[in-house]
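The values are calculated or read from the model by the stated rules, or taken from the named source; none is laboratory data. No experiment lies behind these values; they were computed from the predicted model shown. Don't worry about glycine lacking a Cβ; one is built from the backbone with ideal geometry, like all the others, and counts go over all protein chains shown. Surface areas here come from the heavy atoms of the whole protein model, side chains and all, with no ligands, DNA or RNA. Shrake-Rupley method; radii C 1.70, N 1.55, O 1.52, S 1.80 Å.
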Amino acid sequence: MPAYTLYGAEVSYFTGKARAYLRWRGADFEEQIATQQVYRDIILPNVGWPVIPVLKMPDGSIVQDTADIIEQVEAAEHREPPALPATPLQRFVALLLQLYGDEWLTLPAMHYRWTYNEDWAYSEFGALSAPQLSRPEQYEIGKKNGQRFKGALPVLGVHPETIPGIERSYEAFLREFSQHLEAHSFLLGERPCLADFAFIGPLYAHLYRDPESGVLMKRLAPRVADWVERTHAGDAGTGDLAADDGIPETLLPILKRQMREQLPALKATNDLFAGWAAEASSGDAVPRAVGQIEVSIEGFTGPAAARTFPLWRLQAVLDAYGAMDTDAKARADALLASVGGRALASFELPARMARKDCRLVLA
Ligand SMILES: N[C@@H](CCC(=O)N[C@@H](CS)C(=O)NCC(=O)O)C(=O)O
């Protein structure tokens, strides 16, 4: 019997991230589709809320959240090279790109799926949750389940007012990533790392595999489609990360885009989170959102929920920054200054968070 079981789905953003990582790691795993039964018998009793992917470890324990999955498998497998870069600046940038892949590229991924691939997505959702039913019955079930995900669009900031900005930004991102891939096989050099697995989240299931989105990616950025295929297959690459803890120059446009678009949203969320945290106590469950913010993408502005989970991913980034010695911090500061991210160096979360029973709590 394989050591690990990944419960997930081909259509799922974060299952793609976990799958690409497990393949690259060479972990002995099998994947089981998260049918209605799996949700009822495995996910809900162990996690407490309906979410994929979850991983069953060799000792039978269940892990939810892809960052925890990667961390726990890394600790159990003891293999080289590590998924999280060992050197300080690359580690920081990998976590920063994880924050971008997990919590910002959700906007184009979800927009293109639900605007251009809606019926297809319903059929896929139905087929995975009830494989025994007929296609029309699956479509009806898929429509019911899919509504929950489509309903996330306004929460994320996808509205008629922001859609032109989301599309402009995504197309520019594809150009920037293509230019990077002309020089390097993966994000931080010639082998994949955490940042690549995080980018697989949006760029595989939604933006490559959803039919209309896949046509767009292959037309505008065949190199990105090729990177998706390699990374999702678990390709080990042909070399190592950039030498001397370096950050490839060709990544700077992507980091600039992140600082321009995502950092203001994090800052606005953090201000609301501070208001909530001032009244809360250690151990309190952190709400999934703490009010409403505005997001602004390529000059198109609209409302979004002030989601707290991105602050949790940000906490990992800030911890990596805080752990740097003077030399690494100076290099990180120079990098941040060159990408318009100075504000990140002095970013302070009002309170620390932790995860308890698969939920965020105040530490
Ligand atoms: N932070 C989680 C996110 C997992 C997630 O959002 N999964 C989606 C499917 S790809 C889901 O099941 N969402 C249900 C929900 O958020 O209520 C991770 O990294 O694993």
Quick one: would you say residue 131 is within 18 Å of residue 37 (Cβ to Cβ) and either in contact with a strand residue (DSSP E or B) (Cβ under 7 Å, 6 or more places away or on another chain) or modelled with pLDDT under 95 (or both)?
yes
Lone qualifier among 19, 40 - being in a helix (DSSP H, G or I), touching a residue at least 60 places away in the same chain (Cβ under 8 Å) and not hydrophobic (A, V, I, L, M, F, W, C):
19
Which listed residue is without any contact (Cβ under 8 Å) to a residue 40 or more places away in the chain and of a type outside the set (Gly, Ala, Ser), from 74, 10, 31:
31
Return the only residue of 279, 348, 298 being open to solvent by 60 Å² or more (accessible area, probe 1.4 Å) and within 22 Å of residue 158 (Cβ to Cβ).
298
Inspect all residues belonging to the stretch 320-327 and state whether any of them is of a type outside the set (Val, Ile, Thr), open to solvent by 30 Å² or more (accessible area, probe 1.4 Å) and over 28 Å from residue 276 (Cβ atoms).
yes
Counting only residues that are within 16 Å of the ligand (Cβ to nearest atom) and in contact (Cβ under 8 Å) with a residue 60 or more places away in the chain, which one in the stretch 130-156 is least open to solvent (accessible area, probe 1.4 Å)?
156
Please go through the stretch 337-363 and give me each residue that is of a type in the set (A, V, I, L, M), touching a helix residue (DSSP H, G or I) at 6+ places or on another chain (Cβ under 8 Å) and without any contact (Cβ under 8 Å) to a residue 40 or more places away in the chain, ordered by number.
345
Unmet criterion (only one of (1) outside the structural domain of residue 351 (by TED's automatic domain parsing); (2) touching a residue at least 12 places away in the same chain (Cβ under 8 Å); (3) over 25 Å from residue 93 (Cβ atoms)) for residue 218
(2)
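Matching residues to (1) at pLDDT 95 or above; (2) within 15 Å of residue 108 (Cα to Cα); (3) over 17 Å from the mean Cα position of the chain (by Cα); (4) open to solvent by 10 Å² or more (accessible area, probe 1.4 Å):
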position	(1), (2), (3), (4)
190	yes, no, yes, yes
196	yes, no, no, no
199	yes, yes, no, no
202	yes, yes, no, no
207	yes, yes, no, no
214	yes, yes, yes, no
225	yes, no, yes, no
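Condition check ((1) closer than 28 Å to residue 190 by Cβ; (2) crowded, with 16+ Cβ neighbours inside 10 Å; (3) within 13 Å of the ligand (Cβ to nearest atom)) across all residues:
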residue	(1), (2), (3)
4	yes, yes, no
15	yes, yes, yes
29	yes, yes, no
34	no, yes, yes
49	no, no, yes
52	no, yes, yes
56	no, yes, no
65	no, yes, yes
83	yes, yes, no
Report, by residue number, each residue of the stretch 231-252 that is surrounded by 17 or more Cβ atoms within 10 Å (Cβ to Cβ) and either of a type in the set (D, E, K, R) or under 27 Å from residue 295 (Cβ atoms) (or both).
235, 245, 247, 250, 251
